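To keep things clear, I will list the structure first and then write my remarks on it.
The values are calculated or read from the model by the stated rules, or taken from the named source; none is laboratory data. Everything quoted here is computed from the prediction, not taken from an experiment. Here Cβ is always computed from backbone atoms with ideal geometry, including for glycine, and neighbour counts include all displayed protein chains. Ligands, DNA and RNA are stripped out before the accessible areas are found, and what is left, the full protein with its side chains, is counted by its heavy atoms. Shrake-Rupley method; radii C 1.70, N 1.55, O 1.52, S 1.80 Å.
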Amino acid sequence: MIPDAPLGDERLETRRSRARGKDVDFYTAVPAGHGDGRGLPVCLVLHGASKTAADYPALGLGRFVTDSVRRGNAPFVLAGATGGRLAWRPSGGDDPQAMVHEELPAWCAERGFDTRRMAACGWSMGGYGSLLLAETFPGFVRSVAAFSPAVSPGDEVFAQAGRLRGVPVGLWCGTGDGLLDDVKALEKALPEGRAAGSYREGRHNFAYWSTCLPEAFDLIARTLG
């Protein structure tokens, strides 16, 4: 359920991604009351296979980030871009992971956001991508919130789980989700266990993931503040 909170500065623009070799949607949302977000840290948002960054306004992400501040958290901005259906990994000349690691911070810096302090969150394929991003580039993000990440034992995220040592990780998954056992297995594989999250009634859809956003934003605010 989208919270009853006002929108701040929410934008959807088109940017040329050299890493992806195409134009992509670039989304940003600043909590209401914080102007254009200059000086605020950034939470990168990685979508699942059935959505793109153009869907973020309809999902209410801008209202969720205002709600986070209204509940007492330190403010941060959301930023994301369309990564296709490649699980945020490079494929031929299309590299959405490089876009997130190199281009998204540059686009955010142009807007005056504080790219020295960043976190990542994502659902399904984007949860996988967020975890892989943190593993591939140690120190790039301060925390990861992953909702029903599309992981499986033996994949890259599991193989590199040790690289998440010292990175607070939040894991959420619905008890009616077919990925539940794999997500629980990942929790056990993390070097310091799970920092936050829960397993409660829900399926593999945004109706469930939206109920996880407030707790995830609590974690992100703590690590970015």
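Just a few scattered comments:
- The set of residues in the range 21-52 being within 12 Å of residue 10 (Cβ to Cβ) and among the aliphatic types (A, V, I, L, M) consists of 29, 30, 32.
- Residue check, residue 57 of a type outside the set (Ser, Thr, Tyr) and either more than 21 Å from residue 127 (Cβ to Cβ) or open to solvent by less than 20 Å² (accessible area, probe 1.4 Å) (or both): no
- Checking residue 44 against (1) open to solvent by 10 Å² or more (accessible area, probe 1.4 Å); (2) assigned to a strand (DSSP E or B), the condition it does not meet: (1)
- If the condition is being assigned to a loop (DSSP other than H, G, I, E, B), of a type outside the set (D, E, K, R), open to solvent by 40 Å² or more (accessible area, probe 1.4 Å) and over 25 Å from residue 201 (Cβ atoms), then the range 151-167 contributes 154, 160, 166.
- If you go through the range 168-205 and keep only what is open to solvent by 30 Å² or more (accessible area, probe 1.4 Å), under 19 Å from residue 87 (Cα atoms) and either assigned to a loop (DSSP other than H, G, I, E, B) or modelled with pLDDT under 95 (or both), you end up with 178, 179, 204, 205.
- All positions within the range 1-18 that are surrounded by 14 or more Cβ atoms within 10 Å (Cβ to Cβ), out of contact with any strand residue (DSSP E or B) (no Cβ under 8 Å at 6 or more places or on another chain) and of a type in the set (A, V, I, L, M): 2, 5
- Whichever residue in the range 94-121 is part of a loop (DSSP other than H, G, I, E, B) and not basic (Lys, Arg) and, among such residues, is surrounded by the most Cβ atoms within 10 Å (Cβ to Cβ): 113
- The range 122-150, residues that are buried (at least 23 other Cβ atoms within 10 Å of the Cβ), free of Cβ contacts under 8 Å to residues at least 60 places away in the same chain and not small (Gly, Ala, Ser): 128, 131, 132, 144, 149
- Neighbours by Cβ (under 9 Å, 6+ apart or cross-chain): first from the range 1-18, touching a residue at least 24 places away in the same chain (Cβ under 8 Å) and in a strand (DSSP E or B); second surrounded by fewer than 12 Cβ atoms within 10 Å (Cβ to Cβ) and of a type in the set (Asp, Glu): 15/23; 17/23
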